[in-house]
Amino acid sequence: MAFKRLDPEDFIVSVSTVSQPVWTNGSNDLTTYFTSSAQRLDKSGDYYLSVFNGPIGELSTETQFDIAFADKDGKGTTAYNAGVSLENSYSKTIYGQYRSLILEDEDAVFKFGGIEQNSFYILNISRARYKEKLLPGSLSLVLSGSGDANSNLYLTDNSLDVPLPTYFGTQRAYQIVSGSFGAAHSGTGYTAQSGSYGLFFPDTSIILLNAKALDLNNIQGINLGTEYEVNEDGDNLTKMYKAISGSANYELNSEETLSSDFVFIRARNSEFNYSENPSFISGVNGEVVYDYFINNPQVYPTSVGLYNDSNELLAVAKLSRPLRKDFTKEALIRVRLDF
């Protein structure tokens, strides 16, 4: 075993981004949708509806995203119980939750394309589906209207149409518009009366869909029919689920930033040509087995170990194949450490 101290110029740090599909099994298009009747009947079903990629009970079935509904005035859902104010409902609690999470101001209001709206749907991507954040420009969500393909609404974020994202509090955000893969089909992609179709937050994997925009007729919306009554369960979660599953076209990718340390190991022609392997030396005195190895040694390194100043092994890099080394050859081995 031979050691060599690395110089500062032997190290370099590189940063790169890697994108991959969000949904289970490496698919960027979610085409199968299932819900759980047990979850609907459970208390959590009053707050959100989980969407799975397969029937409950199968080993490959996993949560893909959750659907929730929020209203500033508590409309569209029932109150917690008859003994509290009718305004204290599930939708109002959810509105306050996302206002604190996104706007970071209890007095702020949500605006979609510059127009204030009190009601919106939330598509919250399961945290297990991605490593760091969602990839702007990869969203392609088709919402089904009355079942007629001509009434489908094609939505995406507008990351390719704007030079910089909008910031809500400290979070990046893009407007959701009528379009595909990061660009509007025409103009801004907004509705005439209700602003944009929603907001896309790639860093927290949250998609907000403007309920008023979706309730427009088939020229701009899908006639979703959101319920806005106080203390009445309008089954809004099911309406959104049917709109998504009806088209079975929901594409989304994630993005991860990888920082890599590259270490360059240089073996000059005069270095690392001898070995302590028993096939190379023999006897208590370490005699060379073959005389011609004295002046013309040949070794085959298979790995490189990285040690600290305390002689502690920190990492091992395995070569793809043994490397022939003698006095007539030099080697440059590049080791990549991802973190």
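The values are calculated or read from the model by the stated rules, or taken from the named source; none is laboratory data. No experiment lies behind these values; they were computed from the predicted model shown. Note that each Cβ is placed from the backbone with ideal geometry, even for glycine, and that neighbours are counted across all protein chains shown. Accessible surface is based on the protein model in full, side chains and every heavy atom, while ligands, DNA and RNA are left aside. Shrake-Rupley method; radii C 1.70, N 1.55, O 1.52, S 1.80 Å.
Which of the residues that make up region 57-116 are among the hydrophobic types (A, V, I, L, M, F, W, C), within 24 Å of residue 129 (Cα to Cα) and part of a loop (DSSP other than H, G, I, E, B)? 59 - this is the single residue of region 57-116 that is among the hydrophobic types (A, V, I, L, M, F, W, C), within 24 Å of residue 129 (Cα to Cα) and part of a loop (DSSP other than H, G, I, E, B). For region 40-73, filtered to residues that are closer than 23 Å to residue 92 by Cβ and of a type in the set (A, V, I, L, M, F, W, C), the residue that is most open to solvent (accessible area, probe 1.4 Å) is 41. The residues on offer are 152, 217, 124, 223, and the sole one that is without any contact (Cβ under 8 Å) to a residue 12 or more places away in the chain and polar (S, T, N, Q) is 217. Remark: residue 211 matches the filter, which requires a residue to be of a type in the set (Gly, Ala, Ser), modelled with pLDDT of 95 or more and more than 20 Å from the chain's Cα centre (by Cα). Hey, can you tell me all the residues within region 228-244 that are open to solvent by 40 Å² or more (accessible area, probe 1.4 Å) and assigned to a loop (DSSP other than H, G, I, E, B)? Of everything in region 228-244, those that are open to solvent by 40 Å² or more (accessible area, probe 1.4 Å) and assigned to a loop (DSSP other than H, G, I, E, B) turn out to be 228, 229, 231, 232, 233, 235.
Let's see how each residue does on (1) over 25 Å from residue 241 (Cβ atoms); (2) open to solvent by 10 Å² or more (accessible area, probe 1.4 Å); (3) assigned to a strand (DSSP E or B):
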site	(1), (2), (3)
156	no, no, yes
163	yes, yes, no
167	yes, yes, yes
173	no, no, yes
200	no, no, yes
207	no, no, yes
221	no, no, no
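Regarding residue 313, is this residue open to solvent by 40 Å² or more (accessible area, probe 1.4 Å), touching a strand residue (DSSP E or B) at 6+ places or on another chain (Cβ under 8 Å) and among the aliphatic types (A, V, I, L, M)? Here the answer is yes, as residue 313 does meet what is asked. Considering (1) crowded, with 16+ Cβ neighbours inside 10 Å; (2) out of contact with any helix residue (DSSP H, G or I) (no Cβ under 9 Å at 6 or more places or on another chain); (3) assigned to a loop (DSSP other than H, G, I, E, B), say which one residue 213 fails and leave the rest. Going through the list (1) crowded, with 16+ Cβ neighbours inside 10 Å; (2) out of contact with any helix residue (DSSP H, G or I) (no Cβ under 9 Å at 6 or more places or on another chain); (3) assigned to a loop (DSSP other than H, G, I, E, B), residue 213 breaks only (3). Answer yes if at least one residue in region 123-134 is assigned to a loop (DSSP other than H, G, I, E, B) and touching a Gly at 6+ places or on another chain (Cβ under 9 Å), and no otherwise. No, the conditions are met nowhere in region 123-134. Scanning region 8-39 for residues that are open to solvent by 70 Å² or more (accessible area, probe 1.4 Å), more than 20 Å from the chain's Cα centre (by Cα) and closer than 24 Å to residue 259 by Cα yields 8, 9, 11, 12, 13.
Identify all residues within region 114-133 that are among the charged types (D, E, K, R) and either over 14 Å from residue 175 (Cα atoms) or open to solvent by less than 30 Å² (accessible area, probe 1.4 Å) (or both); write none if there are none. Those that are among the charged types (D, E, K, R) and either over 14 Å from residue 175 (Cα atoms) or open to solvent by less than 30 Å² (accessible area, probe 1.4 Å) (or both): 127, 129, 131, 132, 133. Screening 151, 100, 119, 126 for residues that are under 15 Å from residue 254 (Cα atoms) and small (Gly, Ala, Ser) leaves exactly one candidate, 126.
If you go through region 245-273 and keep only what is assigned to a loop (DSSP other than H, G, I, E, B) and under 30 Å from residue 12 (Cβ atoms), you end up with 268, 269, 270, 271, 272, 273. Annotation: residue 189 fulfils all but one of (1) at negative phi; (2) buried (at least 17 other Cβ atoms within 10 Å of the Cβ); (3) more than 19 Å from the chain's Cα centre (by Cα); the unmet one is (1). Within region 77-93, residues that are over 19 Å from residue 239 (Cα atoms) and at pLDDT below 85 reach partners that are open to solvent by 50 Å² or more (accessible area, probe 1.4 Å) and among the aromatic types (Phe, Trp, Tyr) with beta carbons closer than 7 Å, at six or more positions or on different chains, in the pairs 88/80.
Do we find a residue being outside any strand (DSSP E or B) and in contact (Cβ under 8 Å) with a residue 60 or more places away in the chain anywhere in region 319-329? Within region 319-329, one or more residues are outside any strand (DSSP E or B) and in contact (Cβ under 8 Å) with a residue 60 or more places away in the chain.
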